[in-house]
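Notes follow once the structure below has been shown.
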Amino acid sequence: MRPDGRMRPDGFAARFGSPPDVRAEARGRVNLIGEHTDYSGGFVLPAAIPLRCRVSLARRPGKRVRLFSDDRETDGVLEYALGEETAGRGWIDHVQGITRVLAERGDALGGFDVSVASEVPLGSGLASSAALEVSVLRALRDAFRLPLDDVALAKTARRAENEFVGAPVGIMDPMAASLAPEGAALFLDTRSLAHETVPIPEGAEIGVIDSGLPHEHARGGYRTRRAEVEEATRRLGVRELRDLSGEDPEAVARRLPEPLSRRVRHVLTENRRVLEALAALRASDLVRMGTLVREAHRSLADDFEVSTPEVELLVSLADRRQGVYGARLTGGGFGGSVLLLAARGAARAAADAVARDYRALSGRVATVLLPMASE
């Protein structure tokens, strides 16, 4: 940083003609347990990961916004005008959605240049969109002195996803990107937004393997599952499935036709598993936590039907590895990544072996994202 408080020149200055005023970042997340519960007012337990999205931003005169992404260098510098946001332009819709929502909130923005560099793989189920949105919002908050606390920032990111991008996501991803600390999980009540930091036991290590099958929240199976949950909620006569927390999941399921019965059974049992997982983490009971992880996967595969043959293969291979307590699909499903809960020091070797076996059996390439090779 220079004596006048501005950042030193770098590639940003060469591209936009001046150095950035601010830099910001946000982490991706892996969800330990609590999948497809956040849009029903339920419980989730995500954890921040080392992979980050980083942005550099500089204010500019007028209302023009100029954007560049290292991941999409062939796009060059893209532009739009504040107040003239137009959906359907790819990755910049996440930024356009943010400026649209901020304007609707009454927050004053001027033009700006922004450069994005993300380590969070797209479509991996690790909340790459939330990491982008939260990092941009943090930079805008600093550059324009916006009155956004960390929870309001997460709500703004979700509105951008829901209302502009058109992805019917819940609040978990932006809350995790905004609030989850390194080395800990974030227990979140998505109805009240009450949250608590829960340390990851010292004896545990997280592995993540990208299946190589990207998923998209804005269309496809995720949207269908969201609609099914909403239909089941309507038929049951409640505001959210969270309202049925005290009831027997099997009894509730019998009140609905297939496949709605199984969708609801997953949500209700998953909420219970999150609470049990919270207790297991507090007690450093990794055996119990591993059992819950495996149960969560079977529920996602059988009741919620968001798994794929490739993901099933990865999970079955991981569950056989020494040092792995449990494995499951993580993220919205229909591709994405697999989580391994392993003993400390065992995750990388287990994940590498799973990726090798996966390629030999399926012909597909899986990428070990965590632990990082240098860890």
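Observations on the structure shown:
- Restricting attention to region 342-368, the residues that are farther than 25 Å from residue 285 by Cα and touching a helix residue (DSSP H, G or I) at 6+ places or on another chain (Cβ under 9 Å) add up to 11.
- Cβ separations smaller than 7 Å between residues 6+ apart or across chains give the following pairs from region 252-265 residues that are outside any helix (DSSP H, G or I) to residues that are hydrophobic (A, V, I, L, M, F, W, C): 255/236; 256/232; 256/264.
- Only one entry of 181, 174, 168 meets the criterion of being in a loop (DSSP other than H, G, I, E, B) and either surrounded by 15 or more Cβ atoms within 10 Å (Cβ to Cβ) or modelled with pLDDT of 95 or more (or both), and that entry is 168.
- Residue 294 being in the same structural domain as residue 271 (by TED's automatic domain parsing) and part of a strand (DSSP E or B): no
- Of all residues making up region 50-74, the number that are among the hydroxyl-bearing types (Ser, Thr, Tyr) and surrounded by 15 or more Cβ atoms within 10 Å (Cβ to Cβ): 2
- Evaluating residue 110 against the criteria (1) touching a helix residue (DSSP H, G or I) at 6+ places or on another chain (Cβ under 8 Å); (2) without any contact (Cβ under 8 Å) to a residue 40 or more places away in the chain leaves one unmet condition, (2).
- Qualifying residue in region 58-68 (condition: under 26 Å from residue 121 (Cβ atoms), part of a helix (DSSP H, G or I) and over 22 Å from the mean Cα position of the chain (by Cα)): no
- Checked across region 259-273, the condition of being touching a strand residue (DSSP E or B) at 6+ places or on another chain (Cβ under 9 Å) and closer than 22 Å to residue 205 by Cβ holds for at least one residue.
- Scope region 187-214; condition assigned to a strand (DSSP E or B), in contact with a Lys or Arg (Cβ under 8 Å, 6 or more places away or on another chain) and under 15 Å from residue 34 (Cβ atoms); matching residues: 198
- Options 143, 139, 130: the member that is within 17 Å of residue 173 (Cβ to Cβ), assigned to a helix (DSSP H, G or I), in contact (Cβ under 8 Å) with a residue 60 or more places away in the chain and not β-branched (Val, Ile, Thr): 130
- Scan region 101-118 for residues that are within 18 Å of residue 57 (Cβ to Cβ) and not in a strand (DSSP E or B) and the total you get is 7.
- Selection count where residues are in contact (Cβ under 8 Å) with a residue 24 or more places away in the chain and either closer than 17 Å to residue 125 by Cα or touching a Pro at 6+ places or on another chain (Cβ under 8 Å) (or both), scope region 314-348: 18
- Long-range neighbours under 7 Å by Cβ, at least six apart or interchain, first residue surrounded by 12 or more Cβ atoms within 10 Å (Cβ to Cβ) within region 83-95, second acidic (Asp, Glu) and part of a helix (DSSP H, G or I): 87/93; 94/133
- Members of region 91-112 found to be over 17 Å from residue 163 (Cα atoms) and hydrophobic (A, V, I, L, M, F, W, C), listed by number: 108, 109, 112
- Selection over region 70-94 of residues that are in contact with a helix residue (DSSP H, G or I) (Cβ under 7 Å, 6 or more places away or on another chain) and either among the aromatic types (Phe, Trp, Tyr) or at pLDDT below 95 (or both) gives a count of 3.
- Verdict on residue 28 being closer than 30 Å to residue 206 by Cα and not aliphatic (A, V, I, L, M): yes
- Residues in region 69-85 that are among the hydrophobic types (A, V, I, L, M, F, W, C) and more than 26 Å from the chain's Cα centre (by Cα): 77, 81, 82.
- Annotation note: of 287, 306, 324, the sole residue that is closer than 26 Å to residue 227 by Cα, modelled with pLDDT of 95 or more and not assigned by TED's automatic domain parsing to the domain that holds residue 44 is 306.
The values are calculated or read from the model by the stated rules, or taken from the named source; none is laboratory data. These figures come from a predicted structure and were not determined experimentally. Cβ sites come from the backbone with ideal geometry, for glycine too, and all protein chains shown count toward neighbours.
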